[in-house]
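Colleague: Below is one structure. I have some questions about it.
The values are calculated or read from the model by the stated rules, or taken from the named source; none is laboratory data. These figures come from a predicted structure and were not determined experimentally. Positions of Cβ are backbone-derived with ideal geometry, glycine not excepted, and every protein chain shown enters the neighbour counts.
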Amino acid sequence: MTAAVSWSTAHAGPVPLQDAIDGLASASDDTITESVTKLGALDDPRAIPALDALMDDRLRLGADSHAYIWDSKTHDARDALTGQVVNAPRPLKEVEVSNEIRRAADPVLAQLHLGSPDAEVRLAAAKALSTAGSDQAAALLHRALARERDPKVHEALALAIARVDLASPDPNARLAALDIIARSANDDFLSTLQQMLAPGDNGAPREPDGRVRAAAAHARDAIVSHQHLVGFVGELLHGLSLASVLLFAALGLAVTFGLLGVINMAHGEMLMLGAYATYTVQTATHGSRFYLLAAIPVAFLATASVGVLLERTVIRHLYKRPLETLLATWGISLGLIQTIRLIFGAQNVSVANPDWLAGGVEITHGLVLPWARVGVVGFVVVVSAAVWFILQRTRFGLQVRAVTQNRAMAACLGIPTKRVDALVFGLGCGIAGLGGVALSQLGNVGPELGQSYIIDSFMVVVLGGVGRLAGAVAAALGLGVINKLLEPLSGAVLGKILVLVFIILFIQRRPQGLFALKGRLET
Amino acid sequence: MDRLRQMHSTRAWSLLAAAALLIAVVVPLVAPDYLVPLLGKFLCFGIAALAMDLVWGYAGILSLGHALFFALGGYGMGMYLMRSIAGEGVYRSELPDFMVFLDWHRLPWYWHGFQSFPFAAVMSLAAPGLLALVFGWFMFRSRIRGVYLSIVTQALTYAATLLFFQNATGFGGNNGLTDFKRILGAPLREPGTRRALYAASAIALVGAYLLCRFIVTSRFGRVVRAVRDAELKSRFCGYDSTHYKLFVWTLSAVLCALAGALYVPQVGIINPSEMQPSNSIEMAIWVAVGGRGTLLGAVLGAWIVNGGKSWLTAAIPAAWLYALGALFVAVTLFLPEGLVGLGARLKSKLIARRAGQVPVAPPSVDPPASAP
């Protein structure tokens with residue numbers, strides 16, 4: 001940065017710079033254009049504010065025939081070179097700017113921006129300069145490229161040069177440009193390349209040189225395949241975040257189904273309750289930046305206590321009758337949906353992403369990973385690990401596994417099986433509640449939210465095998481990603497049907513799911 | 001003659017005949033015009049409840065896909081009703097209105113033949129039957145049962161609902177098929193036609209009941225119940241449970257389709273919301289309310305639940321879902337044998353009190369908790 005500044009000061013002292021800037025405020029169009037050209041030759045970033053002021057009609061001519069920048073907010077005149085507020089001799093005359101002057105000033109501004117100490121400014125300038133098509137653009141860009149240290153700006157400059165060189169009459173320059181373009185696979189060039197390859201008005205190809213044509217075709221293919229890759233990775237991430245939500249639902253289902261042998265049709269409603277808990281926390285904290293962090297324990301505790309309550313009052317009495325549990329829990333889900341509808345209304349409510357989850361990270365050109373989706377995937381990894389830890393490494397988990405394997409024997413050994421039942425049911429519902437928090441970051445929150453996930457999450461459990469965490473993880477990932485990848489090929493509905501057909505065929509071969517318990521445990 | 005006595009006692013036969021006479025002859029003669037389609041609808045629900053009871057109460061298969069078979073039967077009939085008025089739609093086109101609206105120029109292949117009533121009638125039973133046969137074969141063959149089977153049938157229904165919601169599927173998308181005018185040349189708006197449809201439904205209901213009763217009192221029915229209660233044991237005894245279940249399942253689907261086919265001309269519309277998974281589960285609650293494995297109880301349950309629904313959705317709309325939800329919970333918790341079971345229990349208590357004995361609880365009809 002210092003190098004850039006000293007470089008420019010070494011070239012031009014303040015006197016010719018001051019003269020050229022004063023010339024911008026002239027009454028004659030020719031003088032202005034001449035001064036713009038001079039500023040371009042001086043190549044000093046200190047002229048940027050004056051040129052900007054010229055473009056925005058803020059430049060004024062003082063009675064001392066110096067240029068001043070008018071600040072319409074404070075009604076102050078500033079020195080065009082230093083930016084200091086000065087007592088300019090009035091009257092201040094406005095400067096008339098014709099389109100011709102603007103056209104001349106644009107590339108000069110871009111050129112000066114190229115010398116700016118701010119990398120973002122240089123980046124924007126490189127893009128502007130490559131499309132403006134000025135005669136000296138190539139030379140300017142080359143000069144900027146030679147002294148550029150920032151890799152991102154360096155690439156942008158190289159591409160800008162390539163864009164300029166693409167129009168060069170020298171076939172070798174065009175070839176070199178195409179080589180750079182092919183390596184960058186930047187899809188901004190796609191239409192230009194297609195134009196080059198398309199036949200012109202006389203039927204002959206627009207690009208006369210055969211070698212260049214081949215290179216252009218190669219570059220075009222590189223861009224197209226890069227686009228495909230970006231699309232594929234985008235779909236994959238979408239599928240992964242869908243899989244994460246499925247996994248939240250299926251983890252809880254797998255645990256409760258494995259332990260208790262009952263299907264909880266109200267499980268989807270736990271997702272919905274978790275999402276509404278997030279909404280409530282957001283409203284209660286007036287959208288504080290960290291409401292989402294507070295929502296995680298709130299959603300977990302709310303849904304887990306609903307779960308424990310359900311287990312104590314209803315499900316406990318139906319353990320011997322799994323089919324009827326299905327009906328009873330369906331009835332409960334109807335009640336939950338209607339209650340939420342009465343409290344929050346039938347319309348969707350909006351849960352905003354906090355600012356630290358908004359936006360995304362650009363991996364490569366055109367591929368943006370939204371933070372919300374990345375966050376959901378990360379969250380499910382953490383929660384799955386926590387569930388695994390609870391089940392495999394804690395005393396409670398040991399009890400759960402013992403009851404799952406042999407309830408009577410576990411009871412004989414003094415394990416409070418009924419309390420384990422209630423707690424596990426609460427845990428399963430709580431995990432689904434966490435899924436609701438995740439879901440609220442991905443889309444709308446409405447009373448019927450859970451209904452659309454419940455069938456898919458059942459399929460995950462069927463596919464993965466009952467009570468198997470690894471199975472649930474593998475099946476959720478598989479179904480989520482397959483669903484998303486099938487969507488562009490066959491449409492969302494047909495994709496769902498294909499997945500169903502696949503599951504039906506799959507359980508022909510392995511009725512116990514992907515990860516069946518081995519041995520005599522399943523009797 | 002012996003076979004008839006096996007099905008019912010003489011007294012029960014005469015009561016049944018009286019009830020059939022009442023439903024099929026007296027009601028259509030005396031009921032006011034506005035009530036006839038509603039009652040006809042209830043009769044169709046009764047047939048569906050019979051189908052559900054046959055498969056759940058006797059074979060232990062809790063299907064969450066019967067609304068699909070019901071709706072498919074309805075779509076078959078709807079296709080006939082649409083085709084029979086070709087050229088009389090809003091657009092005066094040979095094609096049904098929704099196809100003109102979608103800018104289709106040719107009838108999709110699966111719509112051919114539906115202008116003929118006999119073809120449509122056969123297809124509206126055969127298509128769902130075939131679907132049930134294929135699906136059931138895959139399911140029962142791999143010994144999928146219990147809650148597993150339930151959720152797979154639910155997934156099937158869900159997928160089909162999504163499919164039918166699509167315009168491109170060719171069944172009118174989410175509007176479904178509607179604007180019917182005539183059935184077999186008789187205008188659907190005429191009170192006479194409606195009464196005839198009602199009578200047809202009543203006859204179908206009585207016929208379906210007799211068929212179900214015949215099956216469950218037969219030797220075949222006893223094997224089905226044995227499979228329900230102890231599938232492994234009956235397999236060891238040499239009965240291939242797959243075939244028994246598959247037959248009952250498919251028959252039940254066809255009965256349900258019959259109910260749907262009779263339902264559509266009476267309500268005048270069929271759309272994909274009829275086949276939503278929630279409708280299937282509602283069918284299960286009809287049977288649960290009446291009492292599983294009782295046939296007549298199932299019909300009664302369908303009438304009670306739907307009567308309650310008609311009344312409550314008009315009187316206090318917000319309360320209906322609560323009432324339905326509470327019904328699901330209360331019936332499973334407190335009334336596992338349904339109203340019929342409750343009646344039987346009260347009766348045995350009464351008899352016991354007269355005799356001064358401890359009442360004997362009626363045997364449970366629960367299928368065993370099937371380990372997945």
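Colleague: Select, from B:G46, B:G78, the only residue that is more than 24 Å from B:C212 (Cα to Cα), surrounded by 16 or more Cβ atoms within 10 Å (Cβ to Cβ) and under 24 Å from the mean Cα position of the chain (by Cα).
Modeller: Among B:G46, B:G78, only B:G78 is more than 24 Å from B:C212 (Cα to Cα), surrounded by 16 or more Cβ atoms within 10 Å (Cβ to Cβ) and under 24 Å from the mean Cα position of the chain (by Cα).
Colleague: Is it true that B:L39 is more than 30 Å from A:P322 (Cα to Cα), at pLDDT 90 or above and either part of a helix (DSSP H, G or I) or away from chain A (no Cβ under 14 Å) (or both)?
Modeller: Spelling it out, B:L39 is indeed more than 30 Å from A:P322 (Cα to Cα), at pLDDT 90 or above and either part of a helix (DSSP H, G or I) or away from chain A (no Cβ under 14 Å) (or both).
Colleague: Moving on to the next point. Could you say which residue among A:V420, A:V400, A:V383 is within 34 Å of the chain's Cα centre (by Cα) and β-branched (V, I, T)?
Modeller: Result: A:V383 is the single residue among A:V420, A:V400, A:V383 that is within 34 Å of the chain's Cα centre (by Cα) and β-branched (V, I, T).
Colleague: If you scan region A:443-459, which residues turn out to be more than 10 Å from every other protein chain (Cβ to nearest Cβ) and among the aromatic types (F, W, Y)?
Modeller: Once the filter is applied, which keeps residues that are more than 10 Å from every other protein chain (Cβ to nearest Cβ) and among the aromatic types (F, W, Y), region A:443-459 yields only A:Y453.
Colleague: Next up: Please state which one of B:A186, B:A132 is more than 11 Å from chain A (Cβ to nearest Cβ) and either surrounded by 20 or more Cβ atoms within 10 Å (Cβ to Cβ) or of a type in the set (S, T, Y) (or both).
Modeller: Only one candidate passes the filter, namely B:A132.
Conditions tested, residue by residue: (1) in contact (Cβ under 8 Å) with a residue 60 or more places away in the chain; (2) away from every other protein chain (no Cβ under 14 Å); (3) touching a Ser or Thr at 6+ places or on another chain (Cβ under 9 Å).
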| position | (1), (2), (3) |
| --- | --- |
| A:L240 | yes, yes, no |
| A:G252 | yes, yes, yes |
| A:T256 | yes, no, no |
| A:T285 | no, yes, no |
| A:Y291 | yes, yes, yes |
| A:A295 | yes, yes, yes |
| A:R316 | yes, no, no |
| A:L326 | yes, no, yes |
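Colleague: Looking at the structure I just gave you, is A:G426 at pLDDT below 90 and within 19 Å of A:A277 (Cβ to Cβ)?
Modeller: no
Colleague: Restricting to region A:463-472, name every residue that is in a helix (DSSP H, G or I), of a type in the set (A, V, I, L, M, F, W, C) and buried (at least 24 other Cβ atoms within 10 Å of the Cβ).
Modeller: Matches in region A:463-472: A:L463, A:A472.
Colleague: Another one. Got a number for residues in region A:360-382 being loosely packed, with under 15 Cβ neighbours inside 10 Å and within 23 Å of A:L251 (Cβ to Cβ)?
Modeller: 3
Colleague: Can you tell me which residue among B:T242, B:T250 is crowded, with 20+ Cβ neighbours inside 10 Å and at pLDDT 90 or above?
Modeller: Matching residue, one of B:T242, B:T250: B:T250.
Colleague: Same structure, new question: Hey, any hits in region B:262-274 for a residue that's within 19 Å of B:G146 (Cα to Cα), out of contact with any Leu (no Cβ under 7 Å at 6 or more places or on another chain) and not in a helix (DSSP H, G or I)?
Modeller: Looking for residues that are within 19 Å of B:G146 (Cα to Cα), out of contact with any Leu (no Cβ under 7 Å at 6 or more places or on another chain) and not in a helix (DSSP H, G or I), one finds none in region B:262-274, hence no.
Colleague: For A:R373, state whether it is of a type in the set (D, E, K, R) and either within 14 Å of another protein chain (Cβ to nearest Cβ) or under 27 Å from A:L310 (Cβ atoms) (or both).
Modeller: No, not satisfied.
Colleague: Here is a follow-up. What residue, among those in region B:301-342 that are of a type in the set (V, I, T) and touching an Asp or Glu at 6+ places or on another chain (Cβ under 9 Å), is farthest from the other protein chains (Cβ to nearest Cβ)?
Modeller: Here the answer is B:V305.
Colleague: Could I ask something else about it? Please go through region B:228-246 and pick out each residue that is in contact (Cβ under 8 Å) with a residue 24 or more places away in the chain, within 24 Å of B:P128 (Cα to Cα) and not charged (D, E, K, R).
Modeller: B:S241, B:T242, B:Y244, B:L246, listed by residue number.
Colleague: Looking at the structure I just gave you, is A:N444 within 30 Å of A:N348 (Cβ to Cβ) and surrounded by fewer than 24 Cβ atoms within 10 Å (Cβ to Cβ)?
Modeller: When the stated conditions are applied, A:N444 passes them.
Colleague: So is A:L309 without any contact (Cβ under 8 Å) to a residue 12 or more places away in the chain and within 14 Å of chain B (Cβ to nearest Cβ) or not?
Modeller: yes
Colleague: Let me ask something else about it. Please work out which one of (1) facing chain B (nearest Cβ under 10 Å); (2) in a helix (DSSP H, G or I) is the condition A:M265 fails and give its number.
Modeller: Here A:M265 clears every test but (2).
Colleague: At least 1 residues that are within 25 Å of the chain's Cα centre (by Cα) and over 14 Å from A:G331 (Cβ atoms) in each: list the helices (runs of 4 or more DSSP H) lying fully within region B:295-361 that qualify.
Modeller: B:296-315, B:338-355
Colleague: For the condition modelled with pLDDT of 90 or more, within 14 Å of another protein chain (Cβ to nearest Cβ) and exposed (fewer than 14 other Cβ atoms within 10 Å of the Cβ), what is the one hit in A:I332, A:I337, A:I343?
Modeller: A:I343
Colleague: Which of the numbered conditions does A:D221 fail, given that it passes all the others? Conditions: (1) at pLDDT 85 or above; (2) under 30 Å from A:L442 (Cβ atoms).
Modeller: So the condition that A:D221 fails would be (2).
Colleague: Which residue, of B:F171, B:F164, is within 17 Å of B:M77 (Cβ to Cβ), within 10 Å of chain A (Cβ to nearest Cβ) and not polar (S, T, N, Q)?
Modeller: It is B:F164.
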